[in-house]
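S.K.: The structure's right below; bear with me while I get my questions together.
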Amino acid sequence: MNDLSVMISVLRHAPGPAWVMDRDGRIVHANQAALQHLGPIHMGSDVDPDWSLDRHARVFDRAQEGEETRFERRLRVRDEDRSFLVVVPATPVPGVMVAWLVLDNLSEGLVETERLASMGALAAGVAHEIRNPLTYLSGNLGVLKRELKGLRSRIEAEDPEQATWAEEMMATLDDARKGAERVGNIVEELRSFSRSEEGSLHPIDPAAALEAAINMAASQFRHHVQLQKNIRPTPSVLAHETRLAQVFVNLLLNATHAVEDRDDGRIWVSTDLRSGGVVIEIRDNGPGIDPALIDKIFDPFFTTKPVGVGTGLGLPICRRILRTFDGVIDIVQSDASGTTMRVTIPALLDELSFSTDVTPTPVESFIDRPARVLLVDDEPLVCKTLRRGLGRGVSVRTALSVQEALEELAKSPEIDAIVCDVMMPNLGGADLYQSVQERWPALAPRIIFMTGGTLSDRVQRIIGNSGRPVLEKPFDLHILQDLIHELRAP
C-alpha cells in the first residue's frame, strides 16, 4: 500500500469533511463527511470554480514544504453559499494536499481535525500498517534468541573458540530486538495520539503521559533546545491518556516555537503534588507574551505565531480537553524571562496498589498435555510467527478468517484458548466472539483478542462487555503464554 492509499484510508472514515487535491486543483478523493456536507463532488474537478489556481498552487506548495495554511472560503453547500474555515496541514505525501473543512469552532469534529493536523494525516494509517509486520518481526527475533541461547551452550562446550562468535550473535539479536521495541513504542504513541475513541475516564499516570508527549515532540526540539526534566512520581488522575498527552504535546510545541530563535533555548518540565492536585508545569526562556494579548490566547483562532505556523486552536482545545476531567490550564508567568504554563488535575489519593511483578511461565512447563490453541488472523505471517514462538509445548491450529475458525471449532471444539485478531476483512474478532457465545458458550471465556488498529464503537462495546483480555500488537509472547497457561489450568 503506497502513502497516498494509506492517507485516503485514514481520511475515509474521519469525522470531519476533507478532500485530497493535486497541484492543478483537481480533487483526487473526498471522504464521506465531505460528500454529506457538500453534496456530490466530481473527481477531477475543483470544489469551487472561483478559487484561484495561483492561490491554490501557493497553498499547495506550503503544504508540501511542511507549513500549514488556514483561510476562509465560500463554498456551495446544497444550493447555498456559505463561508467556512479551511485548514490545510503539512502534507507529507508528494503530489497532493489535504484540505479540512471546519464546521464548528469547538466541536468534537474540530478536536479531531486539530489532532490530525498536529500529527499529520498519516499517523493512524501508518501505525496500523506497521503493527502486523512488527508483530512477526519481534516474534521471530524472540524465537531466534531462544534457539541461539541453546545453541550457544553447545558451541561453548564443543568449540570454545567459537564462544566469542556466539556471544556476538546474541548481542546482535539483542540490539535488533531493542530496535523493534523502539519502533513499537513510536507506533503506539502515534496510534494512541491519533485515535478518536477514548472510552470512559481511567486512572492514569500523568508523568507517563508527559514522558510520552516528550518522546513524540522530541524531533522538534532535540537539536536546538535544551530540555530539563524534574518529573517526580505523583498519584494517578482520572483522565483520557491520549487527550492528556495531546495537551502536553501542544504546550511543548508552543514552548519550542517560543525559543527556536535563541542560541540558548531551554524548556523545563516538572510534576508536583499541591493541595490534592497534580501539577504539571512547562516553562521556556522565550520572549514572553505581550501583556496586551495574554487575555486572548485561549480564544479560538487567536495565535501569536506567524501566518501558516499555527491555527490558533491548540490552547482552546487544551482547555476544553482538561475540563472534561476537571483539570485547568493557566499562565502563571510570562515576561521577558519566559513563559510558564501550568496544568492542574485532581489527584486520586485513595489508590489501590497492584503488583506488576509477574514471572513469565515458560511454555516448556506444559509437560502433561500440550495446550490446544486456535490462532485466528488474516495475516499468515502473524499466525506462523505465533505458532513458532509458542513453542513445542503448544498444539496450534490456525485459521485465516472467522469462517475458517468456526469450521475448525465445528470439527473439534476441544480447545484451551482461542487467540483472535479483532480487525479482519468481512468478519472480525467481535463476530467470532458472538458466534462462539451462541454455539459453544463454554468456549467464550477462552478467547484472547489481539488488535493492531482502532476499533469501531460496536466492536469496542462487544469486546469491552466480554471481559476478555486484549493484546496490543506487537506484544511480548510471554504475556500470551501466561494467558494460555491460566486458561489451561484446572
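The values are calculated or read from the model by the stated rules, or taken from the named source; none is laboratory data. Predicted model, so just to flag it, every value in this text is computed and none were measured. Cβ sites come from the backbone with ideal geometry, for glycine too, and all protein chains shown count toward neighbours.
S.K.: Would you check if D54 is surrounded by fewer than 18 Cβ atoms within 10 Å (Cβ to Cβ), at pLDDT below 75 and on the phi < 0 side of the Ramachandran plot?
M.R.: Against the criterion (surrounded by fewer than 18 Cβ atoms within 10 Å (Cβ to Cβ), at pLDDT below 75 and on the phi < 0 side of the Ramachandran plot), D54 does not qualify.
S.K.: Starting from residues that are assigned to a strand (DSSP E or B) and among the acidic types (D, E), keep the ones in the range 312-362 and report whichever is modelled with the lowest pLDDT.
M.R.: Restricting to residues being assigned to a strand (DSSP E or B) and among the acidic types (D, E), the top hit is D335.
S.K.: Under 8 Å between Cβ atoms, at least 6 apart or on separate chains: pull out the pairs that start in the range 472-484 with a residue that is of a type in the set (G, A, S) and end on any residue that is part of a loop (DSSP other than H, G, I, E, B).
M.R.: Nothing qualifies.
S.K.: Tell me, yes or no, whether the range 443-450 has at least one residue that is part of a loop (DSSP other than H, G, I, E, B) and surrounded by 15 or more Cβ atoms within 10 Å (Cβ to Cβ).
M.R.: no
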